[in-house]
Structures are given as C-alpha cells and as structure tokens.
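A.B. asks: After the structure tokens below, expect a handful of questions from me.
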Amino acid sequence: MEIRQLRYFLMLCNELHFSEAANKLGISQPTLSQQIRVVEDELGVPLFDRIGKKTVKTEAGELLESYALQIIQQLENAKNAIADLANLDSGHLRVAVLPSDLDYRLTSLLIDFHKDLPNTKVQVIPSIDILNKVLDNEVDIGVGLAIQADPRLNHIPFFTETYSLYINEEHDLAMQDIISPEDLTMIPLVMYPKGFYGRDLIDDWCKKQEITIHTIMETGSATSLLQLVKEAVGATIQPSQLIESLNFPGIRAIPIKDSPIRELEIFYRNDKYLSRAAKTFMKRLEVSF
C-alpha cells in the first residue's frame, strides 16, 4: 500500500463522492476507483459500499481511516521536523486566537517573536471555533478559554483573570468601588453576540448567579463596545485588564462582586510535531500575560 493511495482513500472518506474526491485530487474518477480497488484487493475487504450514487464507509473503511490519518500525520511530523532542523528560523506558524479582546494583546508579542525568528511567517487567525481548527489541522496551536480535557490535545493553562463592569464616568454608578451581580440587571449593556466565547462565559455566570442581564446593542469588537460605553450608549462587562491596554478616557472599570473568571490556555494536537517556532511563540505567550 502506497502513501499516495492512502491520500486518495482519505479524500474519498472526506468527500464520500468519487467525482468530487477525484476532482479535488486532480485525477480522473476511473483512476480513483481503480486505486481504491487495489487497496481493497490488498486488504481483502471492501472499504466502501456503493449504493446507487451514494458512497458510505464500511466498518473496515472506518478502521483504515483512523490508522491512515495517524500515518499521514506522522509523515507530516517527520517532514516538519526535518525542515525545522534544516531551516532553523524559517517556517510557517498558524495560531488561532479569540477574536476581539485577545488580539490587542498580541502586537507586542508578535514584535518580540519576530526579533527571535525573523524569517518565520506567522498567521494569527481570529476564530470562535478554535477547537475544531486545531483538531482539523487548520492551525498549529490554539489560544483561548480553557476547554474540557480532550485526549487528543495537550493543554497548557497560562492566564486567569476576572471581569469588571465598564461604565461611562458620568454614570450614576461610576463612583462605586464594587458592583453587585444584582446591580447588573438594572443596567443597559452593550455586549458580544451570543456564540462568542466571552458572551457565553458571562451568560453561564449569570445563570449561576440567578440573574438576567439586558443588552441593547451587540457587536463583535471590544473596541467598538468601549466606544459605545464612552458615548454612554450602555455599559459592558469585559476582562478587568482590558482597560490597561486600550486608551479610552471617560470610562471606569468597576470590579464585580463574585466576578466571572476566565482561564486561558494554549492547546495543540498531541500527535502533531511542535516546531521551534511554535515552542518559541508559546513561551512568549506564557510570559506576556
């Protein structure tokens, strides 16, 4: 069995359609069909059931897929390790991060990283679906809220912080030293939309506190939310250290009693080769927060 045949097989597993798989592979459909038959003949079992135009994996196909994915990943790891050894500072690093309130923290980190590895290309990809980007090998490492332990991943916790209420300094509550959860129910809020990590964390905390908050406007940008607060459109609930990094005069950050807490972590596939660039980035990340 050849690596090329395994790649053909995996593409068909993904597409479950001979024509589409062949097209993505840049080969003809008869060629793909013939190569799949060669693998099936070698193994002595069918890998796919063909029911009319529908293609489904057999139990043997499911089993081979799991092993083939490991084989291809290990081959990629070997190539990457050799390239890392040969090229040293060159390479390509892809990092998925939380959108909005994390991106502003990364600029100084990226500057320092570039000084260490000036020939490494870095892609920082904002995403609310970091986990699947890591699992699908679309990125090398993910940086986001702590997730449930997953045997496919390595997790590295690196930062914990509380949340505060960000409010216009002319607001009636602006001089308070601390805000109670009950106070939040009376304040019109501008927040991230539901589905954003930061918003989901707040909503889960509200359920535990048995309170309901009310939003009057939702955007996906921390900067736009703080601009709305500055213009007294509403208040917002954001990580407590956000105000230290963004210059927004006219806004106060008031601690919240029994505040929501977010834990940030780095995670990456445990079957993936971790390049020197990835290790350097992760080390920089751990000391930058």
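A.B. asks: Which is touching an Asp or Glu at 6+ places or on another chain (Cβ under 6 Å) and either in the same structural domain as ALA277 (by TED's automatic domain parsing) or in a helix (DSSP H, G or I) (or both), of ALA83, ALA78, ALA60, ALA21?
C.D. replies: Only one candidate passes the filter, namely ALA21.
A quick yes/no check of all residues on (1) exposed (fewer than 15 other Cβ atoms within 10 Å of the Cβ); (2) under 29 Å from MET282 (Cα atoms); (3) not β-branched (Val, Ile, Thr):
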| position | (1), (2), (3) |
| --- | --- |
| GLU161 | no, yes, yes |
| HIS171 | no, no, yes |
| ILE202 | no, yes, no |
| THR212 | yes, no, no |
| GLY220 | no, yes, yes |
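A.B. asks: Out of all the residues in region 43-62, is one or more within 25 Å of the chain's Cα centre (by Cα), crowded, with 18+ Cβ neighbours inside 10 Å and modelled with pLDDT of 90 or more? I'd like the intermediate steps shown before the answer.
C.D. replies: Start the filter on region 43-62 by keeping residues that are within 25 Å of the chain's Cα centre (by Cα), which leaves none.
Taking every residue of region 43-62 in turn, none turns out to be within 25 Å of the chain's Cα centre (by Cα), crowded, with 18+ Cβ neighbours inside 10 Å and modelled with pLDDT of 90 or more.
A.B. asks: Report those strands (runs of 3 or more DSSP E) wholly inside region 203-289 carrying at least 3 residues which are closer than 22 Å to VAL124 by Cα.
C.D. replies: 261-269
A.B. asks: Let me ask another. Has region 274-285 got any residue that is among the β-branched types (Val, Ile, Thr), out of contact with any Asp or Glu (no Cβ under 9 Å at 6 or more places or on another chain) and touching a residue at least 40 places away in the same chain (Cβ under 8 Å)?
C.D. replies: No, region 274-285 has no match at all.
The values are calculated or read from the model by the stated rules, or taken from the named source; none is laboratory data. Computed from a predicted structure; not experimentally measured. Virtual Cβ from ideal backbone geometry, glycine too; neighbours counted across all protein chains shown.
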